[in-house]
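The values are calculated or read from the model by the stated rules, or taken from the named source; none is laboratory data. Small disclaimer: the values here were computed from a predicted structure and weren't measured. In this analysis, Cβ positions are derived from the backbone assuming ideal geometry, glycine residues included, and neighbour counts consider all displayed protein chains.
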Amino acid sequence: MNEYGFSVVIPAHNEEKYISRCIAGIRRAAHYASPAKVEIIVVANRCTDRTEEISKCYGAKVIVNNEKCISAIRNAGIKAASGKIIVTIDADSIMSKYSLCEISKYLQSGKYIGGGSPIRFDRMSIGILCSAAAVAVNLVPIMIRNKAALSGGMFWFYKKDFEAVEGFDETLVSLEDMDFAARLNRWGKTQGKKFGSLRHSYIITSSRKFDEFGDLYLIKNMSITKRIFTGKDREAADKFYYDVR
């Protein structure tokens, strides 16, 4: 039997500004999820700052992965996880305090194969709203193709189901999360389960992409937005994700 009920996996590339808040949010949620034990795994990717040091100070298990592929980074963390239930969250996001409780409730109901969560930005503007709408438009074909509304943000699922769908696709350099959600959704249908979204819990994520590029960047540069949504455009992914910090 697994020692941990949950393993929360955090991909982290030079996240010294955010990682302590992310881990603190998980620890707060773990308190409300007691008696379930919660393992926190930070996957330090090409870090040149204090991400590893801070993560260890906050009691997280740190593994190092230097691949320039977010799918490989996520997979490395999940494969090292001891928990029955896996939760993935980005380092610049904070889960709300009842998140793990609600995830446990959903999975134990037997109705859900896994799911995502609502997202709130730490600041909002008309530009961010318009950019979010542009992203949503690009997601519509994926949702239509999978006949489901696929929630994102923070993913949760049983490790056995992660293994059944063979994890995140390492041929993708972006959009790996929605691809994984789509495959998990299809697998769930074969089990008589559905892909869901938390109703009461959510994550607060940083608006740093908008701070770095501008609130209207994705609108003004629709060509790169579309390239990112192919999932396999290395140049676009490097420009917007991997080589930013």
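Against the criterion of being surrounded by fewer than 19 Cβ atoms within 10 Å (Cβ to Cβ), at pLDDT 95 or above and closer than 28 Å to Ala236 by Cβ, Asn75 does not qualify.
Within the stretch 118-147, the set of residues being among the β-branched types (Val, Ile, Thr), touching a strand residue (DSSP E or B) at 6+ places or on another chain (Cβ under 9 Å) and surrounded by fewer than 17 Cβ atoms within 10 Å (Cβ to Cβ) comprises just one member, Ile119. Close contacts from the stretch 93-114, counting a first residue that is basic (Lys, Arg) and a second that is part of a helix (DSSP H, G or I) and crowded, with 20+ Cβ neighbours inside 10 Å, with Cβ to Cβ under 7 Å and a gap of 6+ residues or different chains, come to Lys97/Ala29. Every listed requirement among (1) over 17 Å from the mean Cα position of the chain (by Cα); (2) surrounded by fewer than 19 Cβ atoms within 10 Å (Cβ to Cβ) is met by Phe229 save one, (1).
Please go through the stretch 7-28 and give me each residue that is among the hydroxyl-bearing types (Ser, Thr, Tyr) and within 10 Å of Asp92 (Cα to Cα), ordered by number. Result: Tyr18, Ser20.
The single residue among Leu184, Leu150, Leu198, Leu216 that is touching a Ser or Thr at 6+ places or on another chain (Cβ under 7 Å), touching a residue at least 12 places away in the same chain (Cβ under 8 Å) and crowded, with 20+ Cβ neighbours inside 10 Å turns out to be Leu198. Tell me the residue from Gly59, Gly114 that is over 22 Å from Lys209 (Cβ atoms) and touching a Leu at 6+ places or on another chain (Cβ under 6 Å), please. Only one candidate qualifies: Gly114.
In this structure, Glu16 does satisfy being surrounded by fewer than 22 Cβ atoms within 10 Å (Cβ to Cβ), modelled with pLDDT of 95 or more, at negative phi and touching an Asp or Glu at 6+ places or on another chain (Cβ under 6 Å).
Quick check: is even one residue across the stretch 30-37 of a type in the set (Ser, Thr, Tyr), assigned to a loop (DSSP other than H, G, I, E, B) and in contact with an Asp or Glu (Cβ under 7 Å, 6 or more places away or on another chain)? Scanning the stretch 30-37 turns up no residue that is of a type in the set (Ser, Thr, Tyr), assigned to a loop (DSSP other than H, G, I, E, B) and in contact with an Asp or Glu (Cβ under 7 Å, 6 or more places away or on another chain). Taking the listed residues Ile40, Ile63, Ile86, the one that is part of a strand (DSSP E or B), more than 16 Å from the chain's Cα centre (by Cα) and under 28 Å from Val173 (Cβ atoms) is Ile63, with no other qualifying.
Are any of the residues in the stretch 128-142 among the small types (Gly, Ala, Ser), assigned to a strand (DSSP E or B) and closer than 23 Å to Ala182 by Cα? No. Of the residues Asp161, Asp177, Asp169, the single one that is in a loop (DSSP other than H, G, I, E, B), within 26 Å of Ala76 (Cβ to Cβ) and not hydrophobic (A, V, I, L, M, F, W, C) is Asp169. Here Val42 meets the list (1) surrounded by fewer than 20 Cβ atoms within 10 Å (Cβ to Cβ); (2) closer than 23 Å to Ser99 by Cα; (3) among the β-branched types (Val, Ile, Thr) almost entirely, failing just condition (1).
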